[in-house]
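Pasting a structure here, questions to come.
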Amino acid sequence: MSTIAAFYGGKSILITGATGFMGKVLMEKLFRTSPDLKVIYILVRPKAGQTLQQRVFQILNSKLFEKVKEVCPNVHEKIRAIYADLNQNDFAMSEEDMQELLSCTNIVFHCAATVRFDDPLRHAVQLNVTATQQLLLMASQMPKLEAFVHISTAFSNCNLKHIDEVIYPCPVEPKKIIDSMEWLDDSIIDEITPKLIGDQPNTYTYTKALGEMVVQQESGNLNIAIVRPSIVGATWQEPFPGWVDNLNGPSGLIIAAGKGFLRAIRATPMAVADLIPVDTVVNLTLAVGWYTAVHRPKSTLVYHCTSGNLNPCNWLKMGLQVLATFEKIPLERAFRRPYANFTTNNFMTQYWNAVSHRAPAIIYDFYLRLTGRKPRMTKLMNRLLKTLSMMEYFINRSWEWSTYNTEMLMSELSPEDQRVFNFDVRQLNWLEYIENYVLGIKKYLLKEDMAGIPEAKQHLKRLRNIHYLFNTALFLIAWRLLIARSQMARNVWFFIVSFCYKFLSYFRASSTLKV
Ligand SMILES: CCCCCCCCCCCCCCCCCCCCCC(=O)SCCNC(=O)CCNC(=O)[C@H](O)C(C)(C)COP(=O)(O)OP(=O)(O)OC[C@H]1O[C@@H](n2cnc3c(N)ncnc32)[C@H](O)[C@@H]1OP(=O)(O)O
Ligand SMILES: NC(=O)C1=CN([C@@H]2O[C@H](COP(=O)(O)OP(=O)(O)OC[C@H]3O[C@@H](n4cnc5c(N)ncnc54)[C@H](OP(=O)(O)O)[C@@H]3O)[C@@H](O)[C@H]2O)C=CC1
């Protein structure tokens, strides 16, 4: 029997961000391995016209939870959705809900965050810093609390090249930032944002670093740990390979590549692609929760959940494997054939953006206009280029994350726990993982039917023919224009034609002689 699974039995667990990518996998694993847990409280807000209950119903009835229903048939009774908006004071929770949480919670997993890179600083501070502070305050009033696990990011200190498992101080105290957000108006905040974030690439990594400092400053007597995952990708093994349900990280760009929108990228091919499967992150998180509660380390331990130092993969290898998979299993209705062009040169980036991204979009929009339809490709392409520009910082650098605490934790686990809560990325086969990731994107994110693969392949063949036809026509037009304007081009043209004619005559003559 797994010690960690047994530990969560009978526990009341509070999860924030349970409706998010990582939160869902965390809940799934908890229910599957510890079906005798008492209750999971999840803080949820209504969204996109769905009530709390509808959101929970949708999660529990998704493919991800199919195995859970077998091992824990009463899962509906063990999940308690509590209305909460982490942007509001006291999370806008009712008094009864608050009291229940304070008196019953044994373990807290704080996953909620805004992960947008372009969020205004005020909003990012509210969710990634102030909400963390409020949750810690709540935690300090929970008499039964055994452990609080805060999910941060390995990029919270991405202004450094080598990152240790420690909390680094921020230039400005989080409290001062929180205070200033209360009285500064939006335009001033926007103006000072670049100065405040300094050498951090965006408000996301900056506020995640502030969040860690808040954890350190407000931890008091709590048993707290921080987990720092790098770029979280689809599931590796559990509950099944390739599950993914959002566009964050590489997923959106993989789709863009598969649909033929993204054909060139400013990326350093040999830079480490520090991806980490979401089930690996969840296994580590659960092991951390157990260790923190049982061993009560004296200080707040930070755990890096990264792959680069143990089993590195680079962007080139990843890109090529993505394309190889699309050869076998293409996406439906692609705009162009998938193709990859990695460049680190600024001029080449501009060139490829103009030739491979903007020009086809303009031509296609022209075609849409001609056929009486609404143009949309240029808008979509601009969005893609914006996304690319936001990601560039992360795909042109490599970082070294030390993993002493993570390795120490691994050595503390029993063989059974190492198997059930496996977070040893050395066992990961990248080519297999990436193939499953791409397949998962097709099946679970885009919900494309595998029966449509032959038609998708046919479509790619048609696109290839259109591509050849288009290039030939373009070449002939360009050549015709050149001949009309340049004597030299005409001379070259006559030289080539007469050369070919002579060659053919010679060939015919020599073959007649042989006979
Ligand atoms: C050339 C060949 C290629 C070959 C093969 C290819 C190989 C692949 C190579 C891969 C290299 C990967 C590098 C990853 C590096 C990650 C580093 C992470 C490090 C930190 C990790 C963390 O610790 S934290 C998690 C990361 N955090 C995010 O990753 C959020 C980002 N994101 C945003 O910051 C906003 O999204 C942003 C973008 C501002 C847009 O903002 P925006 O306002 O313009 O757009 P919106 O977000 O409102 O979305 C409007 C519509 O775009 C759709 N969409 C949203 N995202 C999309 C996306 N990525 N790709 C496509 N489509 C996307 C969405 O579904 C909407 O669609 P619709 O309109 O139909 O609903
Ligand atoms: N994905 C990644 O690549 C990485 C993620 N991380 C960290 O992991 C954690 C989880 O990320 P991930 O699951 O990918 O993110 P998601 O964007 O998928 O999920 C974010 C979660 O936070 C919730 N949330 C956001 N705002 C509020 C609010 N005002 N009130 C209540 N809940 C709110 C969301 O709820 P709702 O569904 O209602 O929007 C959602 O459940 C985050 O802390 C992130 O920083 C770290 C490294 C990499």
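The values are calculated or read from the model by the stated rules, or taken from the named source; none is laboratory data. All values reported here derive from a predicted model rather than from experimental measurement. Cβ: placed from backbone, ideal geometry, glycine included. Neighbour counts: every protein chain shown. In case anyone asks, the SASA skips ligands and DNA or RNA and just uses the protein heavy atoms, side chains included. Shrake-Rupley method; radii C 1.70, N 1.55, O 1.52, S 1.80 Å.
I'd like the full set of residues that are within 13 Å of ligand 2 (Cβ to nearest atom) and outside any helix (DSSP H, G or I), limited to segment 109-138.
Selection gives PHE109, HIS110, CYS111, ALA112, ALA113, THR114, VAL115, ARG116, PHE117, ASP119.
Additional query: Since ILE13 meets every condition but one in (1) at pLDDT 95 or above; (2) over 27 Å from LEU247 (Cα atoms); (3) within 16 Å of ligand 2 (Cβ to nearest atom); (4) not in a strand (DSSP E or B), which condition does it not meet?
Just one mismatch for ILE13, condition (4).
Considering only residues that are away from ligand 2 (no atom under 12 Å from the Cβ), in a helix (DSSP H, G or I) and either closer than 26 Å to GLY249 by Cα or more than 25 Å from the chain's Cα centre (by Cα) (or both), which ones fall in segment 16-53?
GLU28, LYS29, LEU30, THR33, GLN53
Kindly list, by first and then second residue, each pair from a residue in segment 306-318 that is among the aliphatic types (A, V, I, L, M) to a residue that is not in a loop (DSSP other than H, G, I, E, B), limited to pairs with Cβ atoms under 8 Å and residues at least 6 apart or on different chains.
LEU310/VAL425; LEU310/ARG426; LEU316/PHE342; MET318/PRO250; MET318/LEU275; MET318/TRP430; MET318/ILE434
So, LEU368, is that one under 24 Å from LYS447 (Cβ atoms) and either basic (Lys, Arg) or open to solvent by less than 50 Å² (accessible area, probe 1.4 Å) (or both) or not? Talk me through it step by step, then tell me what you get.
Working: under 24 Å from LYS447 (Cβ atoms): no; either basic (Lys, Arg) or open to solvent by less than 50 Å² (accessible area, probe 1.4 Å) (or both): yes.
Here the answer is no, as LEU368 does not meet what is asked.
What helices (runs of 4 or more DSSP H) completely inside segment 158-276 contain at least 3 residues that are within 15 Å of ligand 2 (Cβ to nearest atom), in contact with a Cys (Cβ under 6 Å, 6 or more places away or on another chain) and open to solvent by less than 30 Å² (accessible area, probe 1.4 Å)?
By residue number, 203-218.
Also, I was wondering about something else. Pick from VAL288, VAL281, VAL294: which is open to solvent by 10 Å² or more (accessible area, probe 1.4 Å) and outside any loop (DSSP other than H, G, I, E, B)?
After applying the criteria, what remains is VAL294.
Further question: Checking GLN88 against (1) open to solvent by 30 Å² or more (accessible area, probe 1.4 Å); (2) touching a residue at least 40 places away in the same chain (Cβ under 8 Å), which test does it fail?
(2)
Between a residue in segment 4-29 that is among the polar types (S, T, N, Q) and any residue that is more than 16 Å from ligand 2 (Cβ to nearest atom), which pairs come within a Cβ distance under 9 Å, given they are 6 or more apart or on different chains?
Final answer for the pair search is SER12/LEU37; SER12/LYS38; SER12/VAL39; SER12/CYS104; SER12/THR105; SER12/ASN106; SER12/ILE107; SER12/LYS144.
Are any of the residues in segment 390-402 at pLDDT 95 or above and under 30 Å from ALA5 (Cβ atoms)?
Among the residues of segment 390-402, at least one is at pLDDT 95 or above and under 30 Å from ALA5 (Cβ atoms), which makes the answer yes.
Of all residues in segment 380-391 being open to solvent by 40 Å² or more (accessible area, probe 1.4 Å) and in contact (Cβ under 8 Å) with a residue 60 or more places away in the chain, which is farthest from ligand 2 (Cβ to nearest atom)?
In this case the residue turns out to be LEU380.
Report, by residue number, each residue of segment 404-462 that is within 22 Å of THR3 (Cβ to Cβ), of a type in the set (Ser, Thr, Tyr) and buried (at least 21 other Cβ atoms within 10 Å of the Cβ).
Listed by number, the list holds a single entry, THR406.
If I filter segment 325-352 down to residues being out of contact with any strand residue (DSSP E or B) (no Cβ under 9 Å at 6 or more places or on another chain) and assigned to a helix (DSSP H, G or I), which single residue comes out as nearest to ligand 2 (Cβ to nearest atom)?
Looking at residues that are out of contact with any strand residue (DSSP E or B) (no Cβ under 9 Å at 6 or more places or on another chain) and assigned to a helix (DSSP H, G or I), I get THR325.
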